[in-house]
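In what follows, a structure is listed as structure tokens, so that the remarks can point back to it.
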């Protein structure tokens, strides 16, 4: 952008993706909104929606902000291109605790892109939140079969198969994909949070505390009380176990 001051609008979309990938959601949102103002590109809407979502899940958004801006961006993505599978993955993630609506969007994505690992990753995570463990494991296995390195994708930051395994109670299987993802994207708070819970569950106390420290590095004000309200796990027993694991790791 410095070398080419007359840069085309897609430069802004790429910059927004870069901010998103490094956990700088406020900057991503600002740049992506500018990109949309200059050129109403579908990818900018999709990444904007996920930036709003991850900012909210990371408790880094303004206190009064809801998911309404994220849902609006997700709906615009679908309106711009209903046949693009990623539009439906994006919208599916935004239906927090609206499980049937979320799953319907993800199944639409799978139908549109049956050979894309990200479709099955999203299916695995939504199914794990719903408590459908066997279906979760099947979807996660299919994602890994299609593209074993899928966890490195910045667009998979919400849909890490590691998170799906963790919520399903398969903690050992969760470790490798979460570590693989964080090796490339070390500033994504929800991934550190899930890995902290997983390490706590398998008795690796030092590793759990290290991941909890990463959560607090990224957001010193992180609160489990807020996390309880925003974590889309359907079964209260599973949710409370997840929170207890995070307390054991040192979060409050």
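Computed from Cα positions, the angle between helix 42-57 and the longest principal axis of the chain comes to roughly 30 degrees.
Using only Cα atoms, tell me the angle between helix 236-248 and the longest principal axis of the chain; keep it within 0 to 90° and round to the nearest 10. Its long axis makes an angle of about 80 degrees. All distinct Cα pairs of region 1-113 go into the 1/r average, and the inverse of that average, the Kirkwood radius, is 14.3 Å. Estimated from helices alone, the mean residue ellipticity of the chain at 222 nm is -22000 deg cm²/dmol (sum of -39500 (n - 2.57) over DSSP H runs with n ≥ 4, per residue). Taken over the chain, the percentage of Cα pairs per 10 Å bin, counting from 0 up to the bin with the maximum distance, is 8, 32, 38, 17, 4, 0. When 17, 42 are sorted by how many other C-beta atoms sit within 10 angstrom of their C-beta, beginning with the fewest, the order is 42, 17.
Helix 171-184 and the long axis of the chain differ in direction by around 40°, with both axes built from C-alpha atoms.
Computed from the coordinates by the stated procedures, all read-outs in this text should not be read as laboratory data. What you see is a predicted model, and the numbers here were worked out from it, not measured in a lab. A quick note on method: Cβ atoms are made from the backbone with ideal geometry, for glycine too, and the neighbour counts reach across all protein chains shown.
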